[in-house]
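These notes concern the structure reproduced below.
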Amino acid sequence: MEQSDRLHLNEELLSRRGRKPYSRRQTLRNWLFPRVDVVSLRTLDNTGFVSPPTFVSNRIDNSKANIFTFIPRIFYNNFKHFLNLYFLVLAILQFFPIFQVGYFISYILPIGIILAVSFVRDFIDERQIRRKDEALNSETYM
């Protein structure tokens, strides 16, 4: 390739949308992270409505858990603390006769009370949050 052909090729690449020719780094970046242009197909009928309607929902949902994650979330929040986990291990060890020290109920009762109180407290909080969300979502905005 002659020198004049190279200059012409470089000028052609520079004139392409006002951009410089791609370097290796830009090419690698484009290959690793391709740009995706989202084109949505919408049609306008004779009544003036856009089909399909592409509105984003503005529904508010501040709840921390749903029906499937509520109980695992309570267990995780309680047993991430060392003392709660310690009482759980002590209660489990009471099932084995070699480790039994006292009455079984004296080991199960503390962890059971902690779990019951936190379950009721989280349930009431979650219900209040859902009621507030439903009240906000039922309002009409103009």
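Throughout, read-outs are computed from the coordinates displayed, never taken from laboratory work. Computed from a prediction, not measured in an experiment: that's the story for all the values here. Glycine gets a Cβ as well: all are built from the backbone with ideal geometry, and neighbour counts include every protein chain shown.
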- Message: Explain nothing, just the number: dipole magnitude of region 70-138 about its Cα centre with +1 on each Lys and Arg Cβ and -1 on each Asp and Glu Cβ, in debye rounded to the nearest 20.
- Response: 60 debye
- Could I have the simple spin-label model distance between LYS64 and THR140, label points 7 Å from Cα toward Cβ, reported in nm to one decimal? 3.6 nm
- Task: Kindly rank 103-115, 128-140 from highest to lowest mean number of other beta carbons found within 10 Å of each residue.
- Result: 103-115, 128-140
- Item | Percentage of interatomic Cα-Cα distances in region 70-138 larger than 20 Å | 44 percent
- Query: So what J values fall out for region 67-81 if you push phi through Karplus, 6.51 cos²θ - 1.76 cosθ + 1.60 with θ = phi - 60°, rounded to Hz, Gly and Pro as x?
  - Reply: 5, 8, 9, 5, 5, x, 5, 5, 4, 5, 5, 7, 8, 7, 8
